[in-house]
Structures are given as C-alpha cells and as structure tokens.
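Written out below as structure tokens is the structure these notes cover.
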Amino acid sequence: MPRTSAWPLALSCIVLIVYASLYPFADWRDQGLAPWSFLFASLPKYWTGFDVAFNVTGYVPLGFLLTLTALRTGRGQHAIVRATLVCLALSMAMETVQSFLPARVPSNVDLVLNVVGGWLGAAMAGALESFGAIDRWSRLRERWFVADASGALVLLALWPTALLFPAAVPFGLGQVMERLEGFLAALLDDSPFLDWLPVRDVELQPLVAAAEFVCVVLGLLIPCLLAYCVVRSRLRRALLCLVIVLVGVGTTTLSAALSYSPKYAWDWLQAPVLAAVAIAPLLALGLAWLGLRTCAAVALLAMGIYLAILNQAPADPYFAQTLQTWEQGRFIRFNGLAQWLGWLWPYATILYLLSLLRDPDGKN
C-alpha cells in the first residue's frame, strides 16, 4: 500500500474541527431541547460573510484529504461520495453536541455549509486525480523524499497553520510555560500540592534584541532542518529552504494583518527580526550538506535552545490584547484551529526527531 501523508493530515483536520466546534468546552448542560431540533429550526436571522466563508472553508481540507487518502491507497471508488458523507456525519455530530453548550448555537445552515465545503474539497481531489496530478505528485515525492517521510511532511504542512495564531515573538511557537504555570496554580489551588510547584524568584522579562534575534533565526531554521531529515539532495534542500522561509514570512504577515489590520501587516519586521530573517536561510543553506540523522540531531539541539529562550519571555500587554481579539471575538474558531498547533507543534516535532534518532537503520 502506498505511503501517504493525507491520512494523518485528515485526522489532524478532524481533531481541529472538533476543537473549533466545541470551544470553549464550558458550562455543559441540557437546555431542554432535542439535540436534533436545529435541523427543523428557522433560518438564523444574523449571519456574516465571515461565518459563511469559515463554515465552508473549514471542511474543504477534510474533504480533500479524505478523498486523497482513498485515491492514494487504492480505494478510489465512490471516494468523493464517501468523503462527503464523513463530513456530513462529523458536522452533524458537532452541531448536535453544540446543543449542550450554551456558548455555541447549532445551526442547520452551518451543517449545509460544512457539507458543501467537504464536497468541494473532495471534488477538488477527484479533479486532480482525473488530470493525473496525484500520480505526478506521487512520482515527485518518490524523487524528492526518502521512503518514510510522512511524519516530517505532516509537521511541515501544519507549521504555517501554527504560525497563524499570533505569537509574542515572530515564529515563536511553543511558548507555553507562563500559561502552564497559571493553569497548574489554578488546578492545585487550595490543595497541599500547590507547594510542590516551582516558584520563580523574578518575573519574566521581555527578550533583549539579541535573544529575539536568536529565537527568530532558530524558528526559521528548525523547519528547514526538519525538511532536511527526509531530503537527501543538497539542491532540493536549498529549494525547500527558500520555500519554507517564504511561507513562514507570508503566514506571519497574514497573521499580523488579521490581528491588527492590513496596514500593519509588515510591522513585525523590526530590525532584529529583519536581520534574523536574512541570516536564517543562509545558515540553513550552510547546513544542507549534513546527513539525515545529523540533521535530526542538530534540529533537536536547536529546538532545545529555542524553547529555553522563548519561554523566558512574558506576553507583553499588546500581545495579551491581541489574544483577547482572537479568543473572544470573530477569531474564536481560528483560535481552535491554530492556538493548540502553535503551542504543541515544537513538542510534536521533538518526538518525531527523537524517533528518527532512535531508528537503528538511520544513516548519517
């Protein structure tokens, strides 16, 4: 059976859709309505183009990836229909469960839009198959990547989505320690275990320019090294490095535009960050000669330094205000799609890199 990254990506989409649909997971209660009553309710009076677009586009990747999985694994018969039915079942389940969440409103319109999005994604995959694009991608993947590259490809595909959630430091994924401290303190409040928590002697201080420079360099270098772990050719590594940097800069700019406004989209490129963006690809190109397992080791070392520095920085007041915009305003669903990825992507990457280093058949 052909190896495919589409299935783990489809599972990731399902997890993210569930999170986005049920966020904030609070105040569960029976509201005295049949869970399926939304199916027969009148059309909602208030809706926005943003809601329509999000409900459609949120299911497009899932429909696409489910169909692509079926086509890549030789189960392509009725793949579009089956993928659309899975999207229908998932959306129906989410809208039904929302009946028990006062903060969420189940909607028959949302259900229809979700199914339309799933069908559009499935139809796109079917169209690509009919034009031979999937077979060409399979041949391209065999030429560019090592046989078992699915894990790295999935992580690289999720990296831009993780960058969409605003970060205190550009490309600063995995900054969780301050929130983790607060969560554990609240969880263990009024219990003897509260005394077990380590207590910092000083408050976290904003990063100096040099530390911010290092974080940005490593934030761009790590995905490049991750790509190097599954690509042998130096020329192809160089091309992927440039693509990764361009995608990272573009996604961070989009995040800034969504968070503040389009006219401030490039304000994140301050002097230390601009210098780091210029240096990171040069440093990555210089490491393109390393062996596969050596790349994994260097990436793991870089990740340790990166997280150690990044988690010494607090969230500044302007950043906290931006998070409120995402978490309480119109970006509440983007919060579900991107926030956890932004927190967990580095740690998932660490596990993947450790698995590469433990592989007894790996070669330098």
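FYI, it's all coordinate maths here, none of it is from the lab. Just so you know, these numbers come straight off a predicted model, no measurement behind them. With ideal geometry, Cβ positions are generated from the backbone for all residues, glycine too; neighbour counts draw on all protein chains shown.
3J(HN,Hα) along segment 266-283, derived from phi through the Karplus expression 6.51 cos²θ - 1.76 cosθ + 1.60 where θ = phi - 60°, amounts to 9, 5, 6, 7, 6, 3, x, 5, 4, 4, 5, 5, 6, 7, 4, x, 5, 5 Hz, with x in place of Gly and Pro.
Using the Karplus equation 6.51 cos²θ - 1.76 cosθ + 1.60 (θ = phi - 60°), what ³J(HN,Hα) coupling, rounded to whole Hz, does each residue of segment 73-86 give in order, writing x for Gly and Pro? 3J(HN,Hα) across segment 73-86, in whole Hz: 9, x, 10, x, 5, 6, 5, 5, 5, 5, 5, 5, 5, 5. The label-point distance for Trp289 and Leu85, in a model that sets each label 7 Å from Cα toward Cβ, rounds to 5.7 nm.
Fewest neighbouring Cβ atoms within 10 Å first, the residues Phe40, Phe165 line up as Phe40, Phe165. Shown for Leu351, Leu120, Leu301, Leu113: other C-beta atoms within 10 Å of each C-beta, ranked fewest to most, produce the order Leu351, Leu301, Leu120, Leu113. Available extension along the chain between Ile350 and Leu11 is 120.1 nm, counting 0.36 nm per residue and deducting the alpha carbon span.
For segment 95-128 and segment 147-172, compute the distance between their C-alpha centroids and round to whole Å. First find each Cα centre; the distance between them is then 25 Å. In plain terms, the residue of Arg82, Arg75, Arg141 with the fewest other Cβ atoms within 10 Å comes first and the most crowded comes last, giving Arg75, Arg82, Arg141.
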